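First the structure, in the form of structure tokens, and then the observations on it.
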Amino acid sequence: MKRTLKAELLNLPNMLTLGRVAAIPFVMLLIWRGEAIHCVMAAWVYAAATLTDFFDGWLARRWGLVTVMGKFLDPLADKLLVMAMLFMLVYLHRLPAWIAVVILSREMVINGLRSIASSEGLVIPAGRGGKIKTALQMLGVLCLLLHYTYPVYFYGLWRVEVDFAFVGLWILMLSVIFSLTSAVEYFRLFFHALDARERAA
């Protein structure tokens, strides 16, 4: 059993997932230092960490390395990364606390509902709104990590000064809308699945 658990932990997809967790203190330390160069470095580390969220699952499926440990670690790493970033951004006054509270409360409620659905033998597919919500959260956090105003070049011709703190805040506010609507949709699908099972019984 120990050998199996060790083998699961040391396969490449799970190592990438653990790398996502390991990146958290580095990103927090960099943005805590606060200078523009540190914020850019924090954004790069965060971007690399979020990319592992795609590659670990893709590699696990492609190489037949889907494991129980991986199914546990992957969503846990995602939640830890998001929670840590939101906590630090609120602490640094880059993000209103209410946005973080709404986002984290939604995740806790839906995770609880998923656990109930699983115990009832119900499979509730992830909706499109939830995927959009996740993408917006990742992009919004990335912009808030950058924080300052930087020049952005389009096709090497147009230079635009972008206030990433402003952009990131509005992206996260948009993600709140998708968080709430996707949560309502998940509840709807949950109760629909319950009704369908009762009618079939």
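Taken together, VAL109, VAL152 contain a single residue that is within 24 Å of the chain's Cα centre (by Cα), surrounded by fewer than 17 Cβ atoms within 10 Å (Cβ to Cβ) and not basic (Lys, Arg), which is VAL109. Residue pairs whose Cβ atoms lie under 6 Å apart, separated by 6 or more positions or on different chains, with the first residue in the range 36-63 and farther than 16 Å from THR17 by Cα and the second of a type outside the set (S, T, N, Q) and outside any helix (DSSP H, G or I), are ALA36/TYR148; CYS39/HIS147.
Any idea which of LEU104, LEU76, LEU89 is of a type in the set (A, V, I, L, M, F, W, C) and surrounded by 17 or more Cβ atoms within 10 Å (Cβ to Cβ)? LEU89 is the lone residue from the list that is of a type in the set (A, V, I, L, M, F, W, C) and surrounded by 17 or more Cβ atoms within 10 Å (Cβ to Cβ).
Figure legend. Inter-residue proximity from the range 102-125: first residues at pLDDT below 85, second residues among the hydroxyl-bearing types (Ser, Thr, Tyr) and part of a helix (DSSP H, G or I), beta-carbon distance below 7 Å, spacing 6+ or different chains. Indicated pairs: ILE124/TYR186. Answer with yes or no whether VAL21 is assigned to a helix (DSSP H, G or I), modelled with pLDDT of 75 or more and in contact with a strand residue (DSSP E or B) (Cβ under 9 Å, 6 or more places away or on another chain). No; evaluated as a whole, the condition is false for this residue. Taking the criterion of being of a type in the set (Val, Ile, Thr) and either assigned by TED's automatic domain parsing to the domain that holds VAL40 or part of a helix (DSSP H, G or I) (or both), the residues of the range 131-172 that qualify are ILE132, THR134, VAL141, VAL167, ILE171. Looking only at the range 157-189, which residues are of a type in the set (Phe, Trp, Tyr) and surrounded by fewer than 18 Cβ atoms within 10 Å (Cβ to Cβ)? Result: TRP158, PHE166, TRP170, PHE187.
LEU65 falls short on exactly one of the conditions (1) of a type in the set (A, V, I, L, M); (2) modelled with pLDDT under 75; (3) under 25 Å from PHE164 (Cα atoms), and that condition is (3).
The values are calculated or read from the model by the stated rules, or taken from the named source; none is laboratory data. Just so we're clear, the structure is a prediction, and the values are computed from it rather than from any experiment. Cβ: placed from backbone, ideal geometry, glycine included. Neighbour counts: every protein chain shown.
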